[in-house]
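The values are calculated or read from the model by the stated rules, or taken from the named source; none is laboratory data. The structure displayed is predicted, hence computed values, not measured ones. Please note: Cβ atoms are built from the backbone with ideal geometry, for glycine as well, and neighbour counts cover all protein chains shown.
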Amino acid sequence: EHQLARIARLDGELNSFITVTAEQALAAADAADAARARGEAGPLTGLPLAIKDLFCTEGVLTTAGSKMLANFVSPYDATVVEKLKAAGTVSLGKVNLDEFAMGSSNENSAFGPVKNPWDTSAVPGGSSGGSAAAVAAGLVPAAMGTDTGGSIRQPAAFCGITGLKPTYGRVSRWGIIAYASSLDQAGPMARTAEDCALLLNAIAGPDPKDSTSVARGVPDYTEELGAPLSGLKIGLPVEYFGDGLDPEVEAAVREAVRVYESLGATVREVSLPHTHYAIPAYYVIAPAEASSNLSRYDGVRFGHRCKAPSDLIDLYKRSRAEGFGEEVQRRILIGTHTLSEGFFDAYYKKAQQVRRLIRQDFLDAFEEVDVLMGPASPTPAFDLGAKKDPVSMYLQDIYTIAVNLAGIPGISVPAGFVGKRPVGLQILGTHFAEARLLNVAHRFQ
Ligand code: GLN
């Protein structure tokens, strides 16, 4: 009730929620109280949270931030949602995002932009901007996000919270509306690494419904949180401290690294030589996969349908032209082009080869160091409306995108401010090093 009252009072301005499910939440809270009375409460029983509106939720509007799905009520729960329910959490509703998770500012939503609670003239980051803003404003203690190229870590950084993108395959993607299937991964966004660890405990693990989920046991991610950091080897990728990095962001990150040195870590420079190919490779691969995934929105089976189509082709064309926003249409066009005969080898295949080199850069670095540290984003949150051309928006993801191409986990941790706007420290580890990342993040908090 406290959290619902805060949403009612503050979210008119922030616009972080698309749907508030007050009735279902109060019923779930009663069920949690009853479980507690029976002595059956787990660590998350009764925990209020918010779900990015990209996760299918049974009987609840699931829009993906798009006019295309503005009327779509999912008939089933995503595996993550099912697991969170089983853990006794109480969802308060579905939160705003860039349309189909395409964006870095939450300005691409058909439901309007979200504002950054620290400074309402700034964006909250994207695409999980609603999740980040809702946690930062204290509307919920935790939220679920997804990260295809930075969409958990960059909004967590912009909103001064902690956000973890797990290893590709650690968390089931079943029932999460697909953007780029080989890159998408769900993860927790909360105040602290400890909260993220509790949530990861609940959502991680193999799922027979997602063949890309990895058959590997789930440790208790809270167990190693307090482990000492003496002897930890930190690498600072030189490519993450170059041109385009805001000097005040750099100062905050270097200060955080000094804190780790004082905790007994050693620091050295490393190189990820193919870093500058990450954005070009991503903007071939992600739109290619998106164009294929989004072909299912044809106006026939579900979602937006144009009025009075003259024939089938007219139905497809107008339903898609009306239902998809500008950025989504741009990516569908790029993706269908790069996948088309005659261009496939030059673009898509080449990008996949580059992807392999980027992954190898990380694997080589993790031969030398335990974790990598750097900024989550080159600047603090920018002003709403400030980035008009798509390429300047794409450059936002310069430190986050390679991580998805490599499939490794990454976490963004609050590390100070530039004026009123938060800065995020990004910590990266090798595949399935989530427990280590949470430990390293926790010791900083
Ligand atoms: N900003 C990137 C994009 O627009 C990443 C988004 C994401 O991680 N979902 O594609």
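Here are the numbers for this structure:
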item	result
Residue check, residue 246 within 18 Å of the chain's Cα centre (by Cα), among the acidic types (Asp, Glu) and either within 16 Å of the ligand (Cβ to nearest atom) or within 27 Å of residue 263 (Cα to Cα) (or both)	no
Residues of the stretch 292-335 classified as basic (Lys, Arg), within 24 Å of the chain's Cα centre (by Cα) and closer than 26 Å to residue 113 by Cβ, total	2
Residues within the stretch 48-68 that are among the small types (Gly, Ala, Ser), farther than 15 Å from residue 328 by Cβ and either touching a Leu at 6+ places or on another chain (Cβ under 8 Å) or part of a strand (DSSP E or B) (or both), tallied	1
Of all residues in the stretch 264-288 being under 25 Å from the mean Cα position of the chain (by Cα) and among the hydrophobic types (A, V, I, L, M, F, W, C), the one that is surrounded by the fewest Cβ atoms within 10 Å (Cβ to Cβ)	279
Residue list for the stretch 118-133, restricted to those being farther than 10 Å from residue 383 by Cα and surrounded by fewer than 24 Cβ atoms within 10 Å (Cβ to Cβ)	118
Scan of the stretch 131-158 for residues that are part of a loop (DSSP other than H, G, I, E, B), more than 24 Å from residue 252 (Cα to Cα) and within 16 Å of the ligand (Cβ to nearest atom), ordered by number	148
Residue check for residue 346: at pLDDT below 95 and either farther than 30 Å from residue 159 by Cβ or in a loop (DSSP other than H, G, I, E, B) (or both)	yes
Close pairs from the stretch 92-114: first more than 21 Å from residue 58 (Cα to Cα) and away from the ligand (no atom under 13 Å from the Cβ), partner part of a loop (DSSP other than H, G, I, E, B) and among the β-branched types (Val, Ile, Thr), Cβ under 9 Å, at least 6 apart	110/63; 113/123; 114/123
Check on residue 292, away from the ligand (no atom under 16 Å from the Cβ), small (Gly, Ala, Ser) and at pLDDT 95 or above	no
In the stretch 133-157, the residues that are of a type in the set (A, V, I, L, M, F, W, C) and touching a strand residue (DSSP E or B) at 6+ places or on another chain (Cβ under 6 Å)	134, 135, 140, 142, 143, 144, 152, 156, 157
